[in-house]
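In what follows, a structure is listed as structure tokens, so that the remarks can point back to it.
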Amino acid sequence: MADQSKTARAPMVKTVDAVVVGGGFGGMYQLHRLRELGLSLQGFEAGDDVGGTWYWNRYPGARCDVPSLFYSFTFSEALTREWRWSEKYAAQPEILRYAGHIADRYGLRDLIAFQTRVTKAVFDEGSNQWLIETDRGDQVRARWCVMATGCLSVPQEPQITGAESFKGPIYHTGRWPHEPVDFTGQRVGVIGTGSSGIQSIPEIAKQAMHVTVFQRTANYSLPANNGPLTDADYEKHQQGYAEYLELLKAGAPGVIGGAETAPIPPLEKQRHVYQKHWDAGGTTLILAFPNVLTSQEVNDVASDFVREKIKAKVKDPAVAEKLSPRGHPIGTKRICVDLEYFETFNRANVSLVDVRAAPIQAITPTGLRTTEADYELDAIVLATGFDAMTGALLAMDITGVGGARLDQAWAGGPAAYLGLTVAGFPNLFMVTGPGSPSVLSNMLVAIEQHVDWISDAIAHMRAKGLNRIEAQPDAQAAWVAHVKATADSSLFPKANSWYMGANIPGKPRVFPIYIGDGYRRKCEDVAAKGYEGFTVG
Ligand code: FAD
Ligand code: NAP
């Protein structure tokens, strides 16, 4: 695990206009916008630098699955012009450099207290301020508090008996060490075959003596077809860029626009179109028709198409069958994008263990035991995911009006108005919070939209001399019901995915992502109508 030894500093006791928690892309852009508005600010970040996801997830093979040219901020023409990505899907070090460049360019690091975790936030009704406390003893009062704490920032480590007895290192992909990890000559066990496992396994296999992959659920993965970005790629992107910005402004469609009424395309057309998407690479295959994620019939064709591709790639038919996802429709667990993942199982130094058939029993001092066999290992990699969407928010002790606690308010699952604010918690905003498109959209675009909305709301309040904005319970309830109804019209609830909270024991089964159309317009309408659905005072 990364060394987080802390640099000494005295606790802060002060009052600022706004506190921003999180130093990822969300926190950085929020600090930038609020400083432009002239607010006094304090940022907090648990890590020792900016970058968030890209600071923590340093595992071999980590890269974006949205093309780099689009996994980029759009708010500044100059920033867009001066940054050049080297690959179609940039790797983690390059994305972290991009984050660092943004921090330097806008002078953001000075606003952030690093190595500092916010532990508590209490709303003081007398002053309409938040009192924020940290693990460093800081006490900061602020009118506005923005949680940019990330949808995928709390790693999930499975409780496996005997883990503490293992003689070698255990790494989590989401807390990868900063110094390079050398697996040369080692027998490495990887638990987990979501995006992190699928990205890291091929890279670890190139180095390790042997890799044993412990797979509980086979996953759909699509080839990235990665490669260097050329001048011609940039030129083409440049030509379409103004139109892209227009599309974003117009509120690019939700994930499954027009789904219910879309006709079912002829079978041959479906297969032809899937092939085109497959050849192009990336995630777009699951959006090839508006009803891939809503019609079981259409989804079955897409799922079969990908299973056939797996069969063609993997030489051993028994291994190919084990790697073929069954039991959940394609796209209802986060689709993965890979560089030679399935081909990796053709290597002599890679083996696949089905831990659904023979579950993991224990980690032993020398390896891992399933109900069928013992595996000797020198190192274990947990690619076991995150307590997504709510994990970081609920890890803090957040108390709103009348002593209401966020963990109690969300005992049955997260409820938020537009995914931006929670009734009973005035002046508290979430960037890409539950109930917004968040993880089912390009996150940098989602972050920009939320940060701009939050900044405009704060600017509005200050211009009018107002100091309290709070979601109304009925507006929130209507939004939550709408988010649920939209999800229920799709295939998403069919999967035991992290979207549904199914990877965390005891977590309420709620789909906390808005997949309908017109989200941006809805947010703009709310603001245009004087913050409809909010009590402002
Ligand atoms: P984060 O980057 O998660 O940053 C949140 C920060 O808040 C963290 O640094 C954390 O330490 C800090 N924090 C949390 N709680 C506290 C606290 N209490 N006190 C202090 N600090 C705190 N999205 C895409 O759109 N495309 C992709 O290709 C893509 N690839 C991904 C790859 C990986 C491996 C992962 C894990 C996620 C990926 N995502 C992707 C999602 C990714 O999280 C977002 O794109 C984006 O980086 C989120 O930025 P953020 O600032 O909202 O959150
Ligand atoms: P994940 O999708 O939740 O996958 C976790 C894996 O670990 C699953 O295969 C899960 O199996 C397995 N697992 C968990 N606990 C286990 C246990 N006790 N025993 C055996 N297996 C266990 O997590 P992730 O791969 O870290 O990805 C999370 C999200 O981060 C992605 O969906 C994506 O949004 C983002 N991400 C993106 C990229 C990218 O390509 N840009 C890369 C990494 C992450 P089950 O399925 O059976 O639960």
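Read-outs throughout are calculated quantities, based only on the coordinates presented, and are distinct from any laboratory measurement. Computed from a predicted structure; not experimentally measured. Don't worry about glycine lacking a Cβ; one is built from the backbone with ideal geometry, like all the others, and counts go over all protein chains shown.
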List the GluC sites (Glu not before Pro) in region 46-140 that DSSP assigns to loop (not H, G, I, E or B) and whose Cβ has at most 16 other Cβ atoms within 10 Å. Which are they?
-> Glu125
In region 440-533, trypsin sites (Lys or Arg not before Pro) in a DSSP loop with at most 12 other beta-carbon atoms within 10 Å = Lys464, Arg509, Lys529
Return the calculated 222 nm mean residue ellipticity for the chain, to the nearest 500 deg cm²/dmol, obtained by summing -39500 (n - 2.57) across DSSP H runs with n ≥ 4 and dividing by the residue count.
-> -9500 deg cm²/dmol
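What shape does region 88-247 have by the C-alpha gyration tensor, where a ≥ b ≥ c are the square roots of the eigenvalues, rounded means a/c under 1.5, and otherwise prolate means a/b greater than b/c and oblate the rest?
Oblate, because a/c is 1.5 or more while a/b does not exceed b/c.
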Using +1 at the Cβ of each Lys and Arg and -1 at the Cβ of each Asp and Glu in region 246-371, identify which of Ile335, Ala320, Leu285 lies farthest towards the dipole's positive end.
-> Ala320
Nearest 10, in degrees from 0 to 90: the angle of helix 519-528 to the longest Cα principal axis of the chain is 0
Summed side-chain charge close to Ala423 - residues other than Ala423 whose Cβ falls under 10 Å, Lys, Arg +1, Asp, Glu -1 = -2
Net charge near Arg84 (other residues with Cβ under 15 Å of its Cβ; Lys, Arg +1; Asp, Glu -1) is -2
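Classify region 417-511 as rounded, prolate or oblate, taking a ≥ b ≥ c as the square roots of the eigenvalues of its Cα gyration tensor: rounded when a/c is under 1.5, otherwise prolate if a/b is larger than b/c and oblate if not.
Verdict is prolate for region 417-511.
Among DSSP bridges having both ends in the chain, what percentage is antiparallel? Round to the nearest 5.
Numbers: 26 of 68 bridges.
Once the DSSP bridges in the chain are tallied, antiparallel ones form about 40 percent.
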Taking neighbour Cβ counts within 10 Å as the exposure measure, how do Tyr59, Tyr244 sort from fewest upward?
-> Tyr244, Tyr59
C-alpha long axis of helix 296-313 to longest principal axis of the chain, angle in ° | 50
When the Debye formula is applied to the Cα atoms of the chain, each taken as the same point scatterer, what base-10 log of I(q)/I(0) results at q = 0.06 Å⁻¹?
-> -0.29
Using alpha carbons only, how many degrees (0 to 90, rounded to 10) separate the axis of helix 267-280 from the longest principal axis of the chain?
-> 80
Enumerate the amide H contacts of Ser40 below 5 Å, restricted to partners 5 or more residues apart or on another chain; note that Pro and chain-start residues carry no placed amide H.
-> Asp17, Ala18
Could you tell me whether region 289-403 comes out rounded, prolate or oblate from its Cα gyration tensor? Rule is a ≥ b ≥ c as square roots of the eigenvalues, rounded for a/c under 1.5, then prolate if a/b exceeds b/c, otherwise oblate.
-> oblate
Using θ = phi - 60° and the Karplus form 6.51 cos²θ - 1.76 cosθ + 1.60, what ³J(HN,Hα) does each residue of region 126-136 get, whole Hz, x for Gly and Pro?
-> x, 9, 6, 10, 9, 9, 9, 10, 10, 6, 9
